[in-house]
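Here the structure is laid out as structure tokens; the discussion comes afterwards.
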Amino acid sequence: MKTKIEIRNLNVWFNKRQVIYDVNLKVPEQAITAVIGPSGCGKSTLLRAINRLHDLIPEAKVKGEVLLDGKDIYKEDPLVVRRKIGMVFQKPVPFPSMSIFENVAIGVKLNDLAKKERLEKIVERSLRMAALWEEVKDILESPATSLSVGQQQRLTIARTLALEPEVLLMDEPTSALDPVSMKKIEELIVNLKNDYTIVVVTHDMRQAARISDFTAFMYEGKIIEFNETSELFRNPKEEITEKYITGRIS
Amino acid sequence: MISLRVKKKVQNTFLFLFAFLSTIIAIIPLFSIIFEVIKNGIEAINLDFFIQLPGPLGESIGGIANAIQGTLILVTLASIIGVPIGVITGIYLYEYGKEKKSTLISFSVDLLYDLPSIVVGIFVYITVVSPMRSFSALAGALALAIVMIPIIAKTTEESLTLVPPTISEAGIALGIPKWKNIVFIVLNSAKNGVLNGIVLAVARITGETAPLIMTCLGSNFWFSGMDKPINSLTLLIWRYAMQPYPSAVKKAWGAAFLLLLVALALNLLVKSGGERK
Ligand SMILES: Nc1ncnc2c1ncn2[C@@H]1O[C@H](COP(=O)(O)OP(=O)(O)OP(=O)(O)O)[C@@H](O)[C@H]1O
Ligand SMILES: [Mg+2]
């Protein structure tokens, strides 16, 4: 399987405190890779290093390489990197003053990526991919905040897809949602893997087992084990992995 | 047990009465002012009031049309200058306000905010009126713009600060360039607060008198150019209320009534804006 993202010797510090230690990881193309691990082990920090969100935080320092198709994203234009590598956050954050339509269109608009006439097509296509089109096609001009939380999360996925990224990073995309919405988004993620490389951070080991092809287990800022999901859960190589998946550490 | 309860109840009733009475005492002067303005103001209102020049002092004909025109021109011009500068300053304070290099700017804004507006008038008198050797509409508008800027800058900064950081982050994660993100995502999310600040600033300068006395003086004629003196509602009230002629005093009451209506309308606008979001 082809590698889409390769992380090499990645270290991250906040002020003087190191939270990611020498992480190496090869994320396969067109597959779902789950990142699991106890709270505070650095999952979000790792994910945010992959689309250069740490650039915004003055006290964050990143060392190491993140290669997208063999090229280090830290040597490219961060704006282009973020368009290619989209991010979906834990809590859905629709832009509150904008309509559903504008929420999906805004990234494309502000990046001057498409003419006005094409916007409608892009919005429809993105909403369809996010499995939201049927529910909102008649209320595109309503405020995005009028949607339910589960719909809002699919809206933020559509917003990210509108930029036609190559990689989707998702940080606990279902942890703020009810079980029905969670199921919808899980199905959606599985459908998206034909076109995208997906990395999902999750607290929920059963979710990782349900949807992912590969799983990385993180502990105290290090990747302890990385393997095919079924293999990792059935046959953990490290003792600490086994302890975690059997619920003996949390 | 019971006596304790009774004591509590008496205490509560007493406190309530006290609060109620205090409120009444505070409200009475307010309402008596409003009542006086309405009572005396309405008598002054007729068609001529809106379309005629004041005419010679002491005669009971004429209106205050040039003061209405003047206030509209001054407030519009001041807003054209003050709103963009105020909003941009607010954005700057939001983005860099906590850094050392912007201490001077945030300090200046605070100072300007607390500055008595007559000082602004003196400043513009020295820097604009004196060199131009003439009171002028331009000088008046500049003075009002300077009064506006810190109000708008502060409300803009506050509204931006209230936008959750996750929203700004979501915009950045879409690859939107920093400044576009601030303007089209963060400022856009805060637009109700920003608009309210602008309306409040407009309400404030519509009622300003002191900076205008020193900059555009007042006039008995129509607007005749940016470099000429201009009248305003507040200037008219200031001059006419002190005249011995009842007709002049009546015009001043009429103008006060008009200002009251404007203030009321602008406040309602802010209220309804607040409820929208
Ligand atoms: N902006 C920041 N400034 C300082 N420290 C931070 C910052 N963000 C995260 N950290 C610290 O880095 C460590 C890893 O945090 P991170 O959010 O990556 O963990 P996580 O695995 O995602 O946890 P969770 O499962 O609770 O989301 C934590 O100790 C956290 O306190
Ligand atoms: Mg996290």
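The values are calculated or read from the model by the stated rules, or taken from the named source; none is laboratory data. Owing to the predicted nature of the structure, the values given are computational and were not obtained by experimental measurement. Using ideal geometry, Cβ is built from the backbone for each residue, glycine included, and neighbour counts are taken over all protein chains shown. Side chains are part of the model used for accessible areas, which takes the heavy atoms of the whole protein and leaves out ligands, DNA and RNA. Shrake-Rupley method; radii C 1.70, N 1.55, O 1.52, S 1.80 Å.
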Q | Answer from B:ILE61, B:ILE118 - the residue that is open to solvent by 50 Å² or more (accessible area, probe 1.4 Å) and in a loop (DSSP other than H, G, I, E, B) | A | B:ILE61
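Listed here are the residues, each with its yes/no results for (1) within 16 Å of ligand 2 (Cβ to nearest atom); (2) part of a helix (DSSP H, G or I); (3) modelled with pLDDT under 95.
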residue: A:VAL180; (1), (2), (3): no, yes, yes
residue: A:HIS203; (1), (2), (3): yes, no, yes
residue: A:ILE223; (1), (2), (3): yes, no, no
residue: A:GLY247; (1), (2), (3): no, no, yes
Q) Tally time: how many residues in segment B:161-185 are within 20 Å of A:LYS91 (Cβ to Cβ) and in contact (Cβ under 8 Å) with a residue 40 or more places away in the chain? A) 1
Q: For A:ALA176, indicate whether it is within 16 Å of ligand 2 (Cβ to nearest atom), open to solvent by 20 Å² or more (accessible area, probe 1.4 Å), farther than 29 Å from A:MET1 by Cβ and at pLDDT below 95.
A: yes
Q.
One residue is enough: does segment A:61-68 have a residue meeting the conditions open to solvent by less than 70 Å² (accessible area, probe 1.4 Å) and within 16 Å of ligand 2 (Cβ to nearest atom)?
A. no
Q) Could we say that B:GLN11 is surrounded by 13 or more Cβ atoms within 10 Å (Cβ to Cβ), polar (S, T, N, Q) and either free of Cβ contacts under 8 Å to residues at least 24 places away in the same chain or over 25 Å from B:PRO244 (Cα atoms) (or both) here? A) no
Q: Answer yes or no as to whether A:GLU124 is within 12 Å of chain B (Cβ to nearest Cβ), part of a helix (DSSP H, G or I) and open to solvent by 10 Å² or more (accessible area, probe 1.4 Å).
A: no
Q: Tell me which residues, restricted to segment B:168-187, are out of contact with any Gly (no Cβ under 9 Å at 6 or more places or on another chain), crowded, with 20+ Cβ neighbours inside 10 Å and facing chain A (nearest Cβ under 7 Å).
A: B:ALA170, B:ILE172
(Q) Within segment A:160-169, take every residue that is open to solvent by less than 10 Å² (accessible area, probe 1.4 Å) and in contact with a Ser or Thr (Cβ under 8 Å, 6 or more places away or on another chain) and give me the one that is nearest to the other protein chains (Cβ to nearest Cβ). (A) A:ALA162
(Q) Just to be sure I understand, how many residues within segment A:89-104 are touching a Lys or Arg at 6+ places or on another chain (Cβ under 9 Å) and crowded, with 22+ Cβ neighbours inside 10 Å? (A) 5
Q: Examine segment A:22-38 for a residue that is within 16 Å of ligand 1 (Cβ to nearest atom), at pLDDT 95 or above, under 30 Å from A:LEU147 (Cβ atoms) and open to solvent by 40 Å² or more (accessible area, probe 1.4 Å), and state whether such a residue exists.
A: no
Q) Restricting the first residue to segment A:39-52 and requiring it to be away from ligand 2 (no atom under 13 Å from the Cβ), which pairs with a second residue that is open to solvent by 20 Å² or more (accessible area, probe 1.4 Å) and of a type outside the set (A, V, I, L, M) meet a Cβ separation below 6 Å and a spacing of at least six or different chains? A) A:ARG52/A:PRO78
**Q.** Contacts under 8 angstrom Cβ, first residue in segment A:125-152 being under 20 Å from A:PRO179 (Cα atoms) and of a type outside the set (Phe, Trp, Tyr), partner in a loop (DSSP other than H, G, I, E, B) and open to solvent by less than 60 Å² (accessible area, probe 1.4 Å), 6 or more apart
**A.** A:LEU147/A:PRO94; A:VAL149/A:PRO92; A:VAL149/A:ALA176; A:VAL149/A:LEU177; A:GLY150/A:LEU177; A:GLN151/A:LEU132; A:GLN152/A:PRO92; A:GLN152/A:PRO94
Q.
If a residue counts only when it is more than 12 Å from chain B (Cβ to nearest Cβ), which strands (runs of 3 or more DSSP E) contained entirely in segment A:1-108 have at least 2 such residues?
A. A:3-14, A:17-28, A:32-36, A:60-68
Q: Quick one: in segment A:48-59, of everything that is more than 14 Å from B:ALA170 (Cα to Cα) and open to solvent by less than 20 Å² (accessible area, probe 1.4 Å), which residue is nearest to ligand 1 (Cβ to nearest atom)?
A: A:ALA49
(Q) Take A:LYS84 and tell me if it is away from ligand 1 (no atom under 16 Å from the Cβ), of a type in the set (Lys, Arg), open to solvent by 30 Å² or more (accessible area, probe 1.4 Å) and touching a residue at least 24 places away in the same chain (Cβ under 8 Å). (A) yes
